[in-house]
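The values are calculated or read from the model by the stated rules, or taken from the named source; none is laboratory data. Since this is a predicted model, take the numbers as computed values, not measurements. Reconstructed Cβ throughout: ideal geometry from the backbone, glycine too, with neighbour counts over all protein chains shown. Remember, those area values only see protein heavy atoms, side chains included, never the ligands or the DNA or RNA. Shrake-Rupley method; radii C 1.70, N 1.55, O 1.52, S 1.80 Å.
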Amino acid sequence: MDFKERYRQLFQTCLSVLVEPTKFWQEEKEEIKAEAIFKDYFLPLVLLVGLAVFIGELIKGSEILFSYAVAKSVREVVSYILQYFLSVYLLNELLTSVGAVKNKLVVSRLVGYSFLPFLIVSFITGLFPGLYVLSVLGLYGIFLFVQGVKGSLNLLPENQNRYTMLGLLLIFLIFILLNVFSWKLLQAFYGYGA
């Protein structure tokens, strides 16, 4: 698959996830590897977010501080990658507590696709930092997560609700911990701008 076709397919997948999530989760049954979800879907989006943060930092700064722009974009990319892998691991482990069998492929899809609104908002606010009010649109990812649990995990209804609530709580805690730690680390090197 060439570069142009890969990104056309990525765009189609993103559009399908955002516009028709219920239909997407019902049709998303094809057997692909969990690593392919990260490599072909999640990582390109995260790298675009990192690029947007880098460009946005160069544009907004009154003085161009190249190293700070690089550090901030690397922080964003590493935070999303760590959040993805920690979420996949912990949500996969959480399946056993609700009486289900571990399924890394389904959990990888669930995490990767439900992060899409957050990635889009991060891209926009990375390019245009003054638009942080749009961050609230990332909450659509919660709806995608709920639809994904219903559409892709074979859980009893009472276990679906429990898994959904615990999963969202875990993802939120991972997000908070990684962002606080990474901001503190960035402030250690660039105390004025972080």
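Criterion first (farther than 18 Å from residue 120 by Cβ, of a type outside the set (Gly, Ala, Ser) and in contact (Cβ under 8 Å) with a residue 60 or more places away in the chain) does residue 55 satisfy it? It is false that residue 55 is farther than 18 Å from residue 120 by Cβ, of a type outside the set (Gly, Ala, Ser) and in contact (Cβ under 8 Å) with a residue 60 or more places away in the chain. Within the stretch 57-76, at least one residue is among the charged types (D, E, K, R), modelled with pLDDT of 90 or more and closer than 30 Å to residue 183 by Cβ. Among the residues of the stretch 103-115, is any among the hydroxyl-bearing types (Ser, Thr, Tyr), open to solvent by less than 70 Å² (accessible area, probe 1.4 Å) and touching a Lys or Arg at 6+ places or on another chain (Cβ under 8 Å)? Scanning the stretch 103-115, I find no residue that is among the hydroxyl-bearing types (Ser, Thr, Tyr), open to solvent by less than 70 Å² (accessible area, probe 1.4 Å) and touching a Lys or Arg at 6+ places or on another chain (Cβ under 8 Å), so the answer is no.
Condition first: under 26 Å from residue 33 (Cα atoms) and either of a type in the set (Lys, Arg) or touching a Ser or Thr at 6+ places or on another chain (Cβ under 9 Å) (or both). Now tell me which residues in the stretch 117-134 satisfy that.
Step one: of the stretch 117-134, the residues under 26 Å from residue 33 (Cα atoms) are 117-120.
Once the filter is applied, which keeps residues that are under 26 Å from residue 33 (Cα atoms) and either of a type in the set (Lys, Arg) or touching a Ser or Thr at 6+ places or on another chain (Cβ under 9 Å) (or both), the stretch 117-134 yields only 118.
Within the stretch 26-56, the residues that satisfy the criterion of being modelled with pLDDT under 80 and over 17 Å from the mean Cα position of the chain (by Cα) are 26, 27, 28, 29, 30, 31, 32, 33. Within the stretch 66-89, one or more residues are surrounded by fewer than 18 Cβ atoms within 10 Å (Cβ to Cβ), closer than 20 Å to residue 152 by Cβ and not β-branched (Val, Ile, Thr). Each residue in the stretch 138-194 was checked for being at pLDDT 85 or above, closer than 30 Å to residue 22 by Cα and of a type in the set (D, E, K, R), and 2 of them qualify.
Of all the criteria given as (1) surrounded by 18 or more Cβ atoms within 10 Å (Cβ to Cβ); (2) free of Cβ contacts under 8 Å to residues at least 24 places away in the same chain, the one not satisfied by residue 148 is (2). Could you please find all residues in the stretch 118-145 being within 15 Å of residue 168 (Cα to Cα), open to solvent by 10 Å² or more (accessible area, probe 1.4 Å) and either in contact (Cβ under 8 Å) with a residue 40 or more places away in the chain or among the charged types (D, E, K, R) (or both)? Matches in the stretch 118-145: 140, 143. When the stretch 122-133 is filtered for residues that are out of contact with any Phe, Trp or Tyr (no Cβ under 6 Å at 6 or more places or on another chain) and either closer than 18 Å to residue 59 by Cα or among the hydroxyl-bearing types (Ser, Thr, Tyr) (or both), the ones remaining, listed by number, are 122, 123, 124, 126, 127, 128, 129, 130, 131, 132.
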